[in-house]
Protein chains: 2
Amino acid sequence: MAVETFEPAQARPVPQAGLMMDFPLTVHHVLRRMQTIHGASKVVTLVDPETGAVTEREFRDVVARAGRLAHALERLGVRPGDRVASLAWNNAQHLEVYLAVMCMGAVLHTMNLRLHGDQLAYTVEHAGDGVVIVESSLGGQLAEVLPQLPGVRHVVVIAEPGEECPELPDALDLEALLAQESSHFPWPEIDERSAAALCYTSGTTGDPKGVMYSHRSIVLHALAMAGADVYGITSRDRVLALVPLFHAMGWGLPFVCGLVGSDIVMPGRHLKPAPLARLIEAQRTTWSAGVPTLWLDLLHHLDSLPQGETPDLSSLQTILCGGTAVPETLVREYDSRFGAEMIEGWGMTEIFPGATVERADPDDSAVETGARRRSAGRISPLYELRLVGDEGTVLPHDGVAVGNVEVRGPSVASGYYRAPAATAAAVHDGWLRTGDVGTIDGSGHLRITDRAKDVIKSGGEWISSQDLEGELIAHPAVREAAVIGVADPRWGERPLAFVVLAAPVTETELKEFLSSRVARWWVPEHFRIVEQIARTTTGKYDKKILRSLVDDDQG
Amino acid sequence: MAVETFEPAQARPVPQAGLMMDFPLTVHHVLRRMQTIHGASKVVTLVDPETGAVTEREFRDVVARAGRLAHALERLGVRPGDRVASLAWNNAQHLEVYLAVMCMGAVLHTMNLRLHGDQLAYTVEHAGDGVVIVESSLGGQLAEVLPQLPGVRHVVVIAEPGEECPELPDALDLEALLAQESSHFPWPEIDERSAAALCYTSGTTGDPKGVMYSHRSIVLHALAMAGADVYGITSRDRVLALVPLFHAMGWGLPFVCGLVGSDIVMPGRHLKPAPLARLIEAQRTTWSAGVPTLWLDLLHHLDSLPQGETPDLSSLQTILCGGTAVPETLVREYDSRFGAEMIEGWGMTEIFPGATVERADPDDSAVETGARRRSAGRISPLYELRLVGDEGTVLPHDGVAVGNVEVRGPSVASGYYRAPAATAAAVHDGWLRTGDVGTIDGSGHLRITDRAKDVIKSGGEWISSQDLEGELIAHPAVREAAVIGVADPRWGERPLAFVVLAAPVTETELKEFLSSRVARWWVPEHFRIVEQIARTTTGKYDKKILRSLVDDDQG
């Protein structure tokens, strides 16, 4: 049967009438679900770590208070497009600030309270924040930098009843503001591409850089994460929101929980293991997320308690880890002790968290699961990844080729706020350079081997510092391990391992241990046994400091 | 602390640079996931119902064949915006047609093979289809109407090897077309609001009306449905796609499965209970969806088999039902026999399926679950519903107020294709009238009590025909029941029940049974015991025919 080639068909235009509704993807949709369908779901905030006292508020009350707050902010002169800053830990009030500011059309700058004063002040001025909403316990921190912030017209203090904030005598009181306002705010209709929030990355070099999230990116991220294969959170979950709300929108949890109606348990500023363990036991939380260090500390705390006094953490079903590689031993401990599935995800401020994530296969044993989890997860819906070699060539996804990880998608930043040079450096041919180096296999599993700047190049080949760290920590005598590259006249660079010990062990023993697990030429010649390893504000090893220690020694 | 009111802040504009990527929500994203991350997932098609023989194809091969098909269609003159029709059951080739047509920027009109000839021809001419791709077994049906279709320039036949289509001697053979093309098609970048597919509703009155799905609406629907609380499909599922691909995009399953990477098992045209039962057993399918009648027929088939010859259907975990209310007995049977959770959803061509749906609570017993499922499910993410009284007032969501259900969202039609009058009648103040009547409770559970046109108004109050049907079918002697309103001089209308019996029972017994379950004034005075009840092409009771039977008697 022959096929003829025809001229292009007479164009028969498709009228636009009869298409789908032009319904915007804005945080308002989440707000309306919290107000109606999920009105009875709860936000629980820990207020007293000693007694375990909490405040409880239904979603519908959170939305009502957000309405009052929007009125109050409008009265303070805040208009659509204006920037409002928050400086707070995780509590119901901070969630109300989220909803009020974003849904009134303003932009929420979640200040990273772990930044140094000058950097913090820089971000407020760079964002152009006119109003700062601060938690009373952080009033001192704000008061210190306030003289550097001429653009800030108002400070509003979040305080529990009876709580004072002597450091900010001229500030407005949140509850007093809310008391005089109506809970019915006429939320404006806004374009889904409008800015909703601004979050500064705490880079180790240069000024912090701002990532401006649109409403669309937030809603799409929440939708993708609600997937059964991704966060997998349901309306029956009780989510312990440990990730600070100032870190990449608290990993998007407020929006996922608002969308699906799970309860949210907020730890306030009480992130120490003892109150957390009691909170998990008391609130029967089922799902949580946080950096591995936090879960490691929690285990050590439990081990330190007298037998019979261990809190019951068996309600935990899923723990999402991210920010840095998760030691396999940690996965096993949480599985065997509590039946909790610890899953790994990958992301960053610029791309939200969960760009890769994978829930464990319930048919897998913990060991297989652990092995599979040597990846940082599988590429999530709405994210696309590629690997690029140093020469700019796109590399295959075969689980072997190592390259610079680039990403694109509707929840990926197209650059930095008011930072053209940083933007130009970050964007490559429509993709965002993540600064991570790794492999991707044929099924979309990402394996991060290094930060690009931490890669160790030895004899022309790459050694993965993260792999070495993972193998070292598998040794029972090693509690923490960080590996950096140091200059070597023969090989260019050689790995050097900083190790925190849990029990006595010799360098020789460590080398022999590693020799059985990695290529011989990967094994470091030198180890430094230290009391602790410096970390960045986001809990990652601060390799810049480690490198400076070596430079100091050699200098 | 006094609050001053300030003038609007000096507008400090937010630059658009530094926002998120403008990444389009198009079917191409699903296609790329099928090609890469989920390349090894499978489409299985039943080809021989006697032997159970199937064909298997990996997602990556489906995409490769879609690329060939796009080249072939381009060679046949198809250009972006052009309409291409398919007339086929569920098989891998139909899925390839989906991907090829939509991703090349053309529009797929999925012809409803259950329409009568004249109506079918009407839809093809109304859509302006230039090419029709038809399954060989349906060649006769197309040949009958082809003389009425001057706009159709080409007919392409889907056939298994060796299969002939004598009714269409001049048609092109799909496999021959594919054989000469490259699998690499340069898929164009298209706007997410572009038309992707066209589906005609088989209304009982007037001409069929076309719903034009955009790429954006399809991707957003798939994302929302992938939610753990919604379809809840994971990459480990094997999805039995019973819903015809010409019914509201097969309830969106091809896109959900493509996005999450679950296997898809296609029954071809073999929807009889015996081959289906064998297919479920052989393929160990875990998730399925379809109208309740189909699941009822499957049960009756199993009951008719000799003991020991019953296929093992225990792989079934989740069955999504929709299209009409699900009898509680059916839910119980699937739970107790196979441990399968039967969940109910609600939707229509204009709004996709799954606008409401609710997965059962694993902690609920089957009975509680059944009671909860007296609702059609809970409002899904990206859908908003409201109830409007006959006078146009918006009614409360209290589970009591009965009103006309209206819906809005990004996957809801804003009207009908080239049908301004029907569009004007359907849209109300930015919401779509669904033609369904029901209640919504404070947690977003929708309960459909009737189609607006089937409502029975008796003594000024509404009687729900669907409720009466549900209660009647709970009687062990009743197999099917359909209730309509008939004119009554005193009350305006009174209910009349058509009943198909499974065992002997008297009218008096049925009345007594109902009296204990509904308000006395709801109990019908009259019953008609019949051999079968007429159904529409989508499996719903055809109440228009039932009403005409009564009119004939009275005329």
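The values are calculated or read from the model by the stated rules, or taken from the named source; none is laboratory data. All values derive from a computational prediction rather than experimental measurement. Positions of Cβ are backbone-derived with ideal geometry, glycine not excepted, and every protein chain shown enters the neighbour counts.
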Out of the residues in the range B:236-275 that are assigned to a loop (DSSP other than H, G, I, E, B) and in contact with a Lys or Arg (Cβ under 8 Å, 6 or more places away or on another chain), which is farthest from B:Thr536 (Cα to Cα)?
B:Gly261
Consider the range B:325-360. How many of its residues are closer than 29 Å to B:Thr439 by Cβ, surrounded by fewer than 20 Cβ atoms within 10 Å (Cβ to Cβ) and among the polar types (S, T, N, Q)?
1
Mind listing just one residue for me: the one in the range A:268-287 that is crowded, with 24+ Cβ neighbours inside 10 Å and touching a helix residue (DSSP H, G or I) at 6+ places or on another chain (Cβ under 8 Å) and, of those, nearest to A:Ser235 (Cα to Cα)?
A:Thr285
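Taking into account only those residues within the range B:440-451 that are within 14 Å of another protein chain (Cβ to nearest Cβ) and either part of a strand (DSSP E or B) or buried (at least 19 other Cβ atoms within 10 Å of the Cβ) (or both), which is farthest from the chain's Cα centre (by Cα)?
B:Ser443
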Among the residues of the range B:221-235, how many are assigned to a loop (DSSP other than H, G, I, E, B), among the aliphatic types (A, V, I, L, M) and under 15 Å from B:Val30 (Cβ atoms)?
2
B:Pro396: within 12 Å of another protein chain (Cβ to nearest Cβ), free of Cβ contacts under 8 Å to residues at least 12 places away in the same chain and over 25 Å from B:Ile319 (Cβ atoms), yes or no?
yes
Exactly one condition in (1) at the interface with another protein chain (Cβ under 9 Å from one of its Cβ atoms); (2) crowded, with 20+ Cβ neighbours inside 10 Å; (3) not hydrophobic (A, V, I, L, M, F, W, C) is false for B:Tyr383; which is it?
(1)
Going through the range B:200-227 in order, the residues found to be without any contact (Cβ under 8 Å) to a residue 24 or more places away in the chain and within 7 Å of chain A (Cβ to nearest Cβ) are B:Ser214
Subset of the range A:284-305 [assigned to a helix (DSSP H, G or I), within 23 Å of the chain's Cα centre (by Cα) and not β-branched (Val, Ile, Thr)]:
A:Pro292, A:Leu294, A:Trp295, A:Leu296, A:Asp297, A:Leu298, A:Leu299
Checking B:Ala196 against (1) in a strand (DSSP E or B); (2) touching a Leu at 6+ places or on another chain (Cβ under 6 Å); (3) within 30 Å of B:Ile343 (Cα to Cα): exactly one of these is not met. Which one?
(2)
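Results for (1) without any contact (Cβ under 8 Å) to a residue 24 or more places away in the chain; (2) surrounded by 13 or more Cβ atoms within 10 Å (Cβ to Cβ); (3) not hydroxyl-bearing (Ser, Thr, Tyr), shown as yes or no for each residue.
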position: A:Ile456; (1), (2), (3): no, yes, yes
position: A:Gln466; (1), (2), (3): no, yes, yes
position: A:Val499; (1), (2), (3): no, yes, yes
position: A:Leu514; (1), (2), (3): no, yes, yes
position: A:Gln532; (1), (2), (3): no, no, yes
position: A:Arg535; (1), (2), (3): no, yes, yes
position: A:Lys540; (1), (2), (3): no, yes, yes
position: A:Asp551; (1), (2), (3): yes, no, yes
Looking at (1) surrounded by 22 or more Cβ atoms within 10 Å (Cβ to Cβ); (2) small (Gly, Ala, Ser); (3) in contact (Cβ under 8 Å) with a residue 60 or more places away in the chain, which is the one condition that is false for A:Gly485?
(3)
Using beta carbons and a limit of 6 Å, which pairs, at least six apart or on different chains, have the first residue in the range B:117-142 and on the phi > 0 side of the Ramachandran plot and the second one of a type in the set (Lys, Arg) and at pLDDT below 95?
B:Gly128/A:Arg12
Output the residues belonging to the range A:374-408 that are closer than 19 Å to A:Ala452 by Cβ and among the β-branched types (Val, Ile, Thr).
A:Val388, A:Thr393, A:Val394, A:Val400, A:Val402, A:Val405, A:Val407
Taking the range A:486-525, which residues are within 35 Å of the chain's Cα centre (by Cα), closer than 16 Å to A:Trp462 by Cβ and assigned to a loop (DSSP other than H, G, I, E, B)?
A:Val518, A:Ala519, A:Val523, A:Pro524
It is to be established whether one or more residues within the range B:13-22 are at pLDDT 95 or above, hydrophobic (A, V, I, L, M, F, W, C), in a loop (DSSP other than H, G, I, E, B) and under 30 Å from A:Leu198 (Cα atoms).
yes
Would you confirm, using the coordinates I've provided, whether B:Val239 is more than 11 Å from chain A (Cβ to nearest Cβ) and under 30 Å from A:Arg359 (Cα atoms)?
yes
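Given the options A:Pro169, A:Pro186, A:Pro147, A:Pro161, name the one that is within 14 Å of chain B (Cβ to nearest Cβ) and either surrounded by fewer than 19 Cβ atoms within 10 Å (Cβ to Cβ) or among the charged types (D, E, K, R) (or both).
The match here is A:Pro169.
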Selected residue (criterion: farthest from A:Glu469 (Cα to Cα)) from residues of the range A:414-439 that are part of a helix (DSSP H, G or I) and out of contact with any Phe, Trp or Tyr (no Cβ under 8 Å at 6 or more places or on another chain)
A:Pro420
Residue check for A:Leu294: under 20 Å from A:Ala340 (Cα atoms) and touching a residue at least 60 places away in the same chain (Cβ under 8 Å):
yes
So, in the range A:406-420, of the ones that are closer than 18 Å to B:Leu25 by Cβ and without any contact (Cβ under 8 Å) to a residue 40 or more places away in the chain, which residue ends up surrounded by the most Cβ atoms within 10 Å (Cβ to Cβ)?
A:Ser414
So, first residue at pLDDT 95 or above in the range B:244-267, second residue among the charged types (D, E, K, R) and part of a helix (DSSP H, G or I), Cβ within less than 9 Å, six or more apart or across chains; the pairs are B:Gly258/B:Arg33; B:Leu259/B:Arg33; B:Val260/B:Arg33; B:Gly261/B:Arg33
